[in-house]
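Chemist: Just dropping this structure here.
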Amino acid sequence: MNESRPDRGTLIVTGGSRGIGAAISIRAARDGYAVCVNYQGRKDAADTVVAEIESSGGRAVAIQADVGNSNDIKRLFDEAQSEFGPITGLVNNAGVTGPIGRLDSFSAEDIAWTVNVNTTGAIICAAEAVRRMSTLHSGSGGAIVNISSAAARIGGAHEWVDYAASKGAIDTLTIGLAVEVATESIRVNAVRPGLTDTDIHVTAGVPERMANMAPKIPMQRAASPDEIANAIVWLLSEEASYVTGAIIDVTGGR
């Protein structure tokens, strides 16, 4: 490890191989975290992030796990801890949207998949992190940052109401869990990104969405993944030592 960097312990970034997750992983490693870059299916993308971190003197490992599967979540935490030592941070970043459309156009299976990954998986990951970080369980503390969405405030009408609802639950998780573990040396916060320049729009089948949405934003542009990552890594850091239960909008004013 680069000796000029502090050792901030082990950070798990779910969905860490692309977009905002990749930016978080790279920035956090630069700040001294040993980073577990979690991925579901894109090993090549995760390996690219790990290689970039290692080339600049950081420590990282790619670990495959589906956060929609509770057994995979347990294995993810076990492998990360075995690789780098006690878990000190979790970024609940993994998420799916499905195709854009009205709620009544989605199947029950589509809705269940979105909620399982975005909400249930994030809650289970948070619980697993608390078991490992809480002083109540002989841990040394840490920080959790949940990735919500501006859609939780706006509602996602005509696009993805189920996704917006799943992210609204993340806001509630953040508020409640922050209070629950406040005396156990764990801080819990969230970031609500707005329109961000990632491949989520192409995956949803609307590559033109970013250009169409930008004029509706006061700053007249989408965020870069790095701009979102900066807020997240700050919340993980000791600079935010008295911040818990906060939900920060990084939305360009929208």
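The values are calculated or read from the model by the stated rules, or taken from the named source; none is laboratory data. Predicted, not measured: the structure shown is a model, and the values here were computed from it. Positions of Cβ are backbone-derived with ideal geometry, glycine not excepted, and every protein chain shown enters the neighbour counts.
Chemist: Among the residues of region 213-235, write down those that are among the aliphatic types (A, V, I, L, M) and either in contact with an Asp or Glu (Cβ under 8 Å, 6 or more places away or on another chain) or more than 24 Å from Arg30 (Cβ to Cβ) (or both).
Modeler: Selection gives Met213, Ala214, Ile217, Met219, Ala222, Ala223, Val233.
Chemist: Take the residues of region 1-16 that are more than 11 Å from the chain's Cα centre (by Cα) and among the small types (Gly, Ala, Ser): which is modelled with the highest pLDDT?
Modeler: Residue satisfying both the conditions and the ranking: Gly9.
Chemist: Can you give me the number of residues within region 23-45 that are farther than 17 Å from Asp226 by Cα, free of Cβ contacts under 8 Å to residues at least 40 places away in the same chain and within 15 Å of the chain's Cα centre (by Cα)?
Modeler: Here the count works out to 1.
Chemist: I want to confirm something. Restricting to region 132-161 and keeping residues that are among the hydroxyl-bearing types (Ser, Thr, Tyr) and over 15 Å from the mean Cα position of the chain (by Cα), which single residue is surrounded by the most Cβ atoms within 10 Å (Cβ to Cβ)?
Modeler: Residues of region 132-161 that are among the hydroxyl-bearing types (Ser, Thr, Tyr), as a first pass: 134-135, 138, 140, 148-149.
Right, trim to over 15 Å from the mean Cα position of the chain (by Cα) and you get 134-135, 138, 140.
Numbers: Ser134: 19, Thr135: 13, Ser138: 7, Ser140: 13.
Among those residues, the one meeting the criterion is Ser134.
Chemist: Can you confirm whether Ala164 is farther than 22 Å from Ala240 by Cα, aliphatic (A, V, I, L, M) and under 19 Å from the mean Cα position of the chain (by Cα)?
Modeler: On the way: farther than 22 Å from Ala240 by Cα: yes; aliphatic (A, V, I, L, M): yes; under 19 Å from the mean Cα position of the chain (by Cα): yes.
Against the criterion (farther than 22 Å from Ala240 by Cα, aliphatic (A, V, I, L, M) and under 19 Å from the mean Cα position of the chain (by Cα)), Ala164 qualifies.
Chemist: Suppose we filter Val37, Val67 for residues that are assigned to a loop (DSSP other than H, G, I, E, B), among the aliphatic types (A, V, I, L, M), closer than 17 Å to Cys125 by Cβ and at pLDDT 95 or above; which single one remains?
Modeler: On inspection, the qualifying residue turns out to be Val67.
Chemist: If you check Thr183, Thr172, which single one turns out to be of a type in the set (Val, Ile, Thr) and more than 19 Å from the chain's Cα centre (by Cα)? Explain how you work it out, then say what you get.
Modeler: On the way: Thr172 fails: more than 19 Å from the chain's Cα centre (by Cα).
Being of a type in the set (Val, Ile, Thr) and more than 19 Å from the chain's Cα centre (by Cα) holds for just one of Thr183, Thr172, which is Thr183.
Chemist: Which pairs turn up if I take residues in region 140-163 that are closer than 16 Å to Ile20 by Cβ and look for partners that are part of a loop (DSSP other than H, G, I, E, B) and of a type in the set (D, E, K, R) with beta carbon separation below 8 Å, at least 6 apart in sequence or on another chain?
Modeler: Ala150/Arg254; Ala151/Glu159
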